[in-house]
Amino acid sequence: MSDAAQPSAAEVRAAAEAVKAALDRHLDAVERRSGEDDAAVYAAFDELAAAAEAYDELLYDTYDEVTPFEIPGSDGLPAYAGPEEPSALSVLIRRDYTVVEPQRLLSQAQRIADLDPGSATEPGAAQSSAKPGGNAASAVVGSSVHAALGVLFGEYEPDEIASRHKEFGLEEGDSTLWVAAADEPPEPGEWLSAPFEQADPQRVVCRFDVSSVFDEELGFDDEDDHIAHVPDDPGGDLLDDDSAGPSGRGRSRPDPGDRDGGSALEAVERDR
């Protein structure tokens, strides 16, 4: 930060006073709470978190000093604004992988192409004399990661790739699953050209995140068994390890308001 942009001592003092005022408002809201889900307590909690974060940043920028406070992240879901009784759903899934063994990936893809030359056929692609019935892609699939990925994901369902990723030379990264409410089913083909543009966090009914960062934070090993608890699910076991994540590593983002960190795998809370 340049000298011109440095906050003044008065700004740091004002931020400290804002934290004190936010503390008073939070305590007052807690003392007057009307129930477990009191909106005033939640609002005061968020205000206190924002004030503490602002003070922490100004203190560091001005004096190169930090506070002992752990500021909760603001990456939870916004308030739900979808229909009370959804008549349609969209399931949005993202899974990240790293190609850690390219040769294994190439070998597996070439094996698929050899057994089924048509698996590497692309509409409009040049035909390959080396592999009759296929095209140029099938001839190079064993030497091109780009072509190999096309063959792999064309042959197997995403869930099967997730469960067998090591066989294909892949390593899991983060993944997430959103279940979003819709007012009515879309028309066939309506969103295929831009499938992710209409993802609305305010219509997410429940969400499940998988990341090694949660293993590190909560001290769990991959072999641990954990259950996903969905809000309003009486049994609390709608998702087991297999459905929560490719290797049972499912973790949700801990609720900032949960001082104990929550269970190892929970739906991301909406109310914080």
Full extension from Lys166 to Asp96: what is 0.36 nm times the residue separation minus their Cα-Cα distance, to one decimal in nm?
23.9 nm
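For Glu187 and Glu11 in the same chain, what is the full-extension length gain: residue separation times 0.36 nm, less their Cα-Cα distance, in nm?
Values: separation 176, 0.36 × 176 = 63.36 nm, distance 5.44 nm.
Difference between extended and current length: 57.9 nm.
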Karplus-derived 3J(HN,Hα), 6.51/-1.76/1.60, for each residue of the range 82-93, Hz, glycine and proline x
x, x, 5, 10, x, 9, 8, 9, 10, 10, 9, 10
Hey, rough spin-label estimate for Ser34 and Asp159, points 7 angstrom out along Cα→Cβ, what's it come to in nanometres?
4.4
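Can you tell me how much longer the chain between Ser87 and Thr62 gets when fully stretched, taken as 0.36 nm per residue apart minus their C-alpha distance, in nm with one decimal? Don't jump to the answer; show the numbers that get you there.
On the way: separation 25, 0.36 × 25 = 9.00 nm, distance 5.34 nm.
Fully extending the segment from Ser87 to Thr62 adds 3.7 nm.
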Taking Cα pairs closer than 8 Å and at least 6 residues apart, the relative contact order of the range 1-72 in percent is 41
With Rg and the Kirkwood Rh both taken from Cα atoms, where does Rg over Rh land for the range 147-218?
1.04
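Taken together, the values in this text are just the output of simple stated rules run on the coordinates, not laboratory data. Small disclaimer: the values here were computed from a predicted structure and weren't measured. Glycine gets a Cβ as well: all are built from the backbone with ideal geometry, and neighbour counts include every protein chain shown.
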